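Where a number appears in this text, it was derived from the coordinates with a stated rule and is not lab data. Please read all numbers here as calculations on a predicted model, not as lab measurements. Quick reminder, even Gly has a Cβ in these numbers, built from the backbone with ideal geometry, and neighbours come from all protein chains shown.
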C-alpha cells in the first residue's frame, strides 16, 4: 500500500518570521510503519510530526511520507528512492532498530541528515555514530536503565526479568542490569512474537522473586499483562513505556492498572510546549497522544528550529543548528550529548484510569539528565 | 524445579495443544477433503477474535461474543469458499497458495480499515477470571482450564460428527474419492462449503478464546497458522485424530522444551548464556520434532494411504 502525503502547509503570514534563509525549502522524507502489526507506532510518529509542521505553518517544509511495512528491504528501497529521485534533504520516521540499521548508515554516508524519532540502536550511538545522525527519542537502553534505577529506589532485591530473544531484548535486560543493584531471581528470554506466557508465569511463581521486570513491546506485552493479572500473582511489575503507551493501554484494560513504567515523556509533564501539544493533538486527531507522537512532534520542531537558523545546503551550519537543539521540547529540558543522543530526565509513570480511558501519570523521576554509556565509543 | 511447576507446565502445554487443535482441525479437513492448501485459515482466526471483541464491547457478554465469533468466522469462510476457493480446487497447489496468500492481505488490510491499527480489548469474563486451586496445591487460571475442557469437548464432538453422522460419512467418502461420491448423487459443492465453514468456525472460536488472554490485533493469525501446519504435517494430513495427537504433542514439546532446555544448559553453562542458548534451541524444538516424525513416518503419525 503506497501512501503519499505531500504537505505544504499554507500560511503565508508566517513567512516574515526569522527572515533567515527562508527561500530555501527543506524536503523531508519520512519512512515509517503504517500497515501491518506495528502500524500504531508509525501512525503516531507521523501524526505528531505532521501536527508540528502544521502548527508551524512553515511553507518551506515539504514532507513525503511512505510506508515501510516494517520490512528492512522495503525501507532501504524507499530510502534510495527518496534520496535519488525525490532529492530529500532530511530523512526521518523509522520505528524499528533493525530497519534503522539498514537505512541510516547509507543515508548519512550520502550526506543526508537523519533524525530518529524512535529507534536508537547502540551501534549508532557508539562506534557507528555519525555527525548527520541525530536521535530525538532515546538510546535504546535508556528506559530500561531507568527501570533499574526505579527498582533500586523501590527497594527491589530479587527481580525476575524477561525479554524476547532478539538484539533489542538482550539490550533491554543488559540496560536494566547495568543500573539495578539487587539479585536476579531468574532471567528468561522468550520467543519474539510469543503470545502465550503461561510457562514464564509459572516460572515466576516457582521462583522467590520480589518483583518482575519485562520488556515485551506491542501485542506481546498486552498478552503478558492480561495473563499475569489472571494468574493470581501479585508481585510488583515494572516495564518500559513501550508496553504502556496510549494505543496499547486500552487493549490491556484493568490488567495494567497501577503498573509502574518508565518513560521520557508523559502528557502531564508541566510545560507550555507539552500542554500545547497535548491539546492540539487531541483537537486534530480525537485521541490522546502517545510517547511516539511526542517524539514525532519533537523531531519536527527540532528540524524547524534548525531551519530558522541555517540553510540546509550549508551542511556544516545546519548540523550545528540541529546540535543546539534550540526548540521547546514537550519533555522540558532537552540537549544532545556529544554523540547526538539526548540528555534528558526519565520518569516513572503509573497506569491510571481517567473516566473511561486508561492513561499514565508521572509519580517520580527515575534518572535525571541521563545520557548513555556509548558516548565514549563515538569518535566523530 | 518443583513437581508443581512441572505439572503446571504440562497443563499449559495441554492448553496450548488444544487451541492448536481447533486451528489444525479445520486446516486438515479442508486439505484432506478438498486437497486445498488454505493459507487464509489464520485470517479466519483473526476474524473470530475481532468479531468477539466487537460484540463483547457492544454487549458486555462473553458468551454472545463466542457465538458471534463462530458465526462471523463461519460466514466469512462460506463466503470465501463460494467466491474464491471454489475456483481453486482444480488448480495446482502453487495457485492455491498464491490466491489464499492474497486473501491474507485482503483480510488484514480490510480488518485494519474497519477496526483501526490499534489492538482491540477483549477480556476474560469475571466468572472465569482468577486462579483456582487444584488438588496438590497447584494454582491454575480457571480460564485456561475452561479452554482445555472446551477444546476436548469439541474434539469429542468432531470425532462423533465424522464417525457417526451422515455428514461425517460424506466427508470421509469425499476424502477417499471425490468423483465417486459426486457420481453417487451427493452435492459435492455444498459439502465443500459446509466443511469449509465448519473449519472456519473452529478457527474463529480459537481466535476468540485465545484473544481474551492474548491480544486482538491485525496479523494475529499468521504465527498460529504456521504452527497449525506443523501440527497437521506431524499428525498426518487429513486425519482429525492425527491433528489432535499432533497438536498436543506440539503444545507439550514447545512448553516443556522452553522450561527444561535452559535448565539443562545451566548444568554446564553460565546462567545468562544458558537461558539465551536454551531458549533459542527451544524455539526450534517443534521443527526438530517435525523432522524426526517425518524421518520415522514420512506420511505423518496417522497419515493414511496417500
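Quick notes on this structure:
- Relative contact order %, chain A, counting alpha carbon pairs below 8 Å whose residues are six or more apart: 18 percent
- For the stretch B:228-306 versus the stretch B:7-42, the inter-centroid distance based on Cα atoms is 14 Å.
- Helix B:271-296 axis, angle to chain B major axis (alpha carbon atoms, nearest 10°): 30 degrees
- Rg/Rh for the stretch A:197-271, where both radii come from Cα atoms and Rh is the Kirkwood radius: 0.99
- Residue mean of other protein chain beta carbons inside 10 Å, B:111-118: 5
- Average beta-carbon neighbours from other chains, 10 Å sphere, peptide A:72-81: 0
- Gap separating the Cα centres of the stretch A:284-329 and the stretch A:248-271, nearest whole Å: 25 Å
- Per-selection metrics, the stretch B:3-218 (Cα): Rg and Dmax in Å: 18.6, 60
- Tilt relative to chain B, helix B:166-176 - C-alpha long axis, 0 to 90 degrees, to 10: 90 degrees
- From helices alone, chain A scores -11500 deg cm²/dmol at 222 nm; the rule is -39500 (n - 2.57) for each run of n ≥ 4 DSSP H residues, then divide by the residue total.
- Among A:351, A:45, A:188: highest mean-square fluctuation, GNM of chain A, C-alpha pairs under 10 Å: A:188
- Under the simplified labelling scheme, the residue B:114-residue B:187 pair shows an inter-label distance of 2.7 nm, with each label point 7 Å from Cα along Cα→Cβ.
- The stretch between residue B:64 and residue B:10 holds 16.4 nm of extra length on full extension. This uses 0.36 nm per residue minus the Cα-Cα distance.
- Relative contact order for the stretch B:3-218, counting Cα pairs under 8 Å that sit 6 or more residues apart, in percent: 43 percent
- 222 nm mean residue ellipticity, helices alone, for chain B (DSSP H n ≥ 4; -39,500 (n - 2.57); rounded to 500): -26000 deg cm²/dmol
- For the stretch A:171-285: relative contact order, % (alpha-carbon pairs under 8 angstrom, 6 or more apart): 20 percent
- Spacing of the two label points (7 Å from each Cα toward its C-beta) at residue B:79 and residue A:178, in nm: 5.1 nm
- Each Cα pair of the protein assembly as shown feeds into the Kirkwood radius, which the Stokes-Einstein equation turns, at 10 °C and 1.306 mPa s, into a diffusion coefficient of 60 µm²/s.
- Sites residue A:284 and residue A:356, calculated FRET efficiency, Cβ-Cβ separation with R0 25 Å, nearest 0.05: 0.75
- Pair-distance profile P(r), taking every C-alpha pair of the stretch A:232-380, with 5 angstrom steps and integer %: 2, 9, 16, 19, 18, 14, 10, 7, 4, 2, 0, 0, 0
- For chain A, built as a Gaussian network whose Cα springs stay under 10 Å, the top-fluctuating residue of A:62, A:145, A:316: A:316
- Nitroxide proxy distance, nm - points 7 Å out along Cα→Cβ at residue A:109 and residue B:71: 5.9 nm
- Helix B:221-235 vs. chain B, principal-axis angle (Cα, 0 to 90°, nearest 10): 80 degrees
- Sites residue A:254 and residue B:269 - FRET efficiency at Förster radius 51 Å, r taken between beta-carbons, to 0.05: 0.80
- When chain B is treated as a GNM with alpha-carbon contacts under 10 Å, the residue of B:56, B:99, B:271 showing the greatest mean-square fluctuation is B:271.
- Shielding of peptide B:256-265 by partners, expressed as the average count of other chain Cβ atoms within 10 Å per residue Cβ, is 2.
- Computed from Cα atoms alone, the Kirkwood hydrodynamic radius reported for chain A is 21.0 Å.
- Using equal-weight Cα scatterers in the Debye expression, the normalised intensity of the stretch B:250-306 in log10 at q = 0.12, 0.13, 0.19 Å⁻¹ is -0.37, -0.41, -0.67.
- Part-to-part distance (alpha-carbon centres) for the stretch A:183-218 and the stretch A:56-81, which is given in Å: 37 Å
- Cα pair count fraction exceeding 13 Å, expressed as % - the stretch A:70-125: 54 percent
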